[in-house]
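J.: Have a look at the structure that comes next, please.
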Amino acid sequence: MSKCKKSHKRFDQINVIPFIDIMLVLLVMVLTTATFIKQGVIPVNLPEASSSDKKEEKKEVSVYVNDKGEIFFEKKKVDLATLEAKLSEVSKEQTVILRSDKESRFQDFVSVMDILKKLGHEQLYIVTKE
């Protein structure tokens with residue numbers, strides 16, 4: 001009788017090379033993504049022009065009406081005629097922020113609104129407190 005010897009191979013080692021390959025690919029992907037997220041956009045060197053117009057317009061102007069009926073344009077006290085003159089110089093695309101005291105007369109608020117409507121300002125925010 002012949003005896004068959006079964007050979008049992010024990011796994012004493014784990015092949016880590018495929019694991020290292022996958023981890024390196026993942027590392028490259030994370031680093032590449034993090035670089036684009038940090039920069040936000042693809043970096044571009046913009047050309048320079050000597051005659052560039054560097055006009056800095058404020059995005060908004062503020063009009064205040066306090067409880068005594070005094071009107072302020074950009075923190076300077078003005079009357080209605082001066083307010084109209086100053087607002088006529090402001091571009092129609094600029095936002096006008098109106099802050100009116102809750103104790104002010106409604107007529108003062110309406111007078112400022114009439115001026116804004118007459119001049120065609122439609123970008124208007126009225127600031128309130130919750």
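J.: Over segment 60-127, what is the relative contact order in whole percent, taking alpha-carbon pairs under 8 Å and six or more residues apart?
T.: 38 percent
J.: What's the magnitude of the charge dipole for segment 60-127 around its Cα centre, counting Lys and Arg as +1 and Asp and Glu as -1 at the beta-carbon? Answer in Debye, nearest 20. Display every interim value, and only then the final one.
T.: Working: 11 positive and 13 negative charges, 12 e Å.
In total the dipole reaches around 60 debye.
J.: Considering lysine pairs in segment 60-127 that are 8 or more places apart or on different chains, how many have Cα atoms under 13 Å apart? Mind dumping the intermediate values first?
T.: Working: Lys68/Lys77; Lys68/Lys102; Lys75/Lys86; Lys76/Lys86; Lys77/Lys86; Lys92/Lys117; Lys92/Lys118.
Pairs that pass both the separation and distance tests number 7.
Read the figures in this text as sums done on the coordinates, not as results from a lab. For clarity, every value in this text was computed on a predicted model and none was experimentally measured. Reconstructed Cβ throughout: ideal geometry from the backbone, glycine too, with neighbour counts over all protein chains shown.
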